[in-house]
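The values are calculated or read from the model by the stated rules, or taken from the named source; none is laboratory data. Here the structure is a predicted model, which means the values were calculated and not measured. Heads up, the Cβs are rebuilt from the backbone with ideal geometry, glycines too, and the neighbour counts pull from every protein chain shown.
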Amino acid sequence: MVKSPFRFTGGITLCLLTILFNACSPPTPSPASPFPVVTVIPADYTRPIPTSSIPTLNPDLTCNQDSDCAFAYRTDQCCACGAITIHNVVENTRFLRFVHEPEDYRYQKVRFPQLVCPNVMCAPCREPPFGLVCDAGTCRAARTWQEILSACDPDIEKGKWCRITAADTAFQAGENDQAVIICTDVPGDHSTSNPYSDECLLNLARTLKEKNPLASAAFCREHMGAGLSTCLNEAGEALSHSDLEAGLALCREIAIENANDRGQQDACFHNIAMGVAPKDLEYAKRICEMMSESVEDCMETAARQP
């Protein structure tokens, strides 16, 4: 009887054939080691944006204090978005990572590498909440302006939008005076335009503008500083949809003290003219003539409006 030369390698051959034709099953992760896990990723690989609605994390959100709560995502799923969980759960689960992971953060256990998902298109995730609170023994997202404000990062850049969100939350709740106080307490200046406090106040005026442009203009006059011209420009354009002449009056009200003010006034006239052009082109051109610059461009653009 002739014996097969593959007698001792049959198992290996079968394994290789299984890998080639049936694909590999996911490898079993190795236990924690003092060395980082390195995965080879193709040079042209683009990491999918985490996007699944809510990852399947530990449903137990029991907590004793705010610091027990965490926002994390799974690395063993494609398009995973963050969800509220418990800090200790993240530390003890190798496939979880904090959404806002501190630089050079060291977990108690080595993390599994991010699952590579080639040819996968992911939609954007929802924005993480501004702060987490332990409410009656259960973790949840911050909801009130007090809860949001207490969670804001003391760093000016990192905490700016958190404070603006706290002000907007107070404003939406009808606590207008408190919203203004929060805005005026926002420190720092924007590198290219207005102070952050004006940016915060302008955000409140925009919220008001959607329902009542006249009230928005009054808010601008009472509270805005360097951003007053921008605020009146936006209120004027919004008001022109219901009262054209009143909208133009707000454009004229803009005091010209610098190049930005002039640009805001011209933008106000220009935007109103574009809204008028489909109904009355000649009147739109007369509005263009109120601009200090780019009058001809405004007229040509108005003529092309459908």
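Computed values, structure above
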quantity	calculated
Hits in the stretch 267-281 - residues which are over 13 Å from residue 299 (Cβ atoms) and buried (at least 21 other Cβ atoms within 10 Å of the Cβ)	268, 272
Count - residues of the stretch 96-142 that are farther than 17 Å from residue 85 by Cα and either among the acidic types (Asp, Glu) or outside the structural domain of residue 77 (by TED's automatic domain parsing) (or both)	2
Per-region count, the stretch 191-230, residues part of a helix (DSSP H, G or I) and among the polar types (S, T, N, Q)	6
So residue 254, is it surrounded by 17 or more Cβ atoms within 10 Å (Cβ to Cβ), within 30 Å of residue 195 (Cα to Cα), assigned by TED's automatic domain parsing to the domain that holds residue 204 and not basic (Lys, Arg)	yes
Residues of the stretch 68-107 satisfying the condition of being touching a helix residue (DSSP H, G or I) at 6+ places or on another chain (Cβ under 7 Å) and either at pLDDT below 90 or assigned to a helix (DSSP H, G or I) (or both)	68, 87
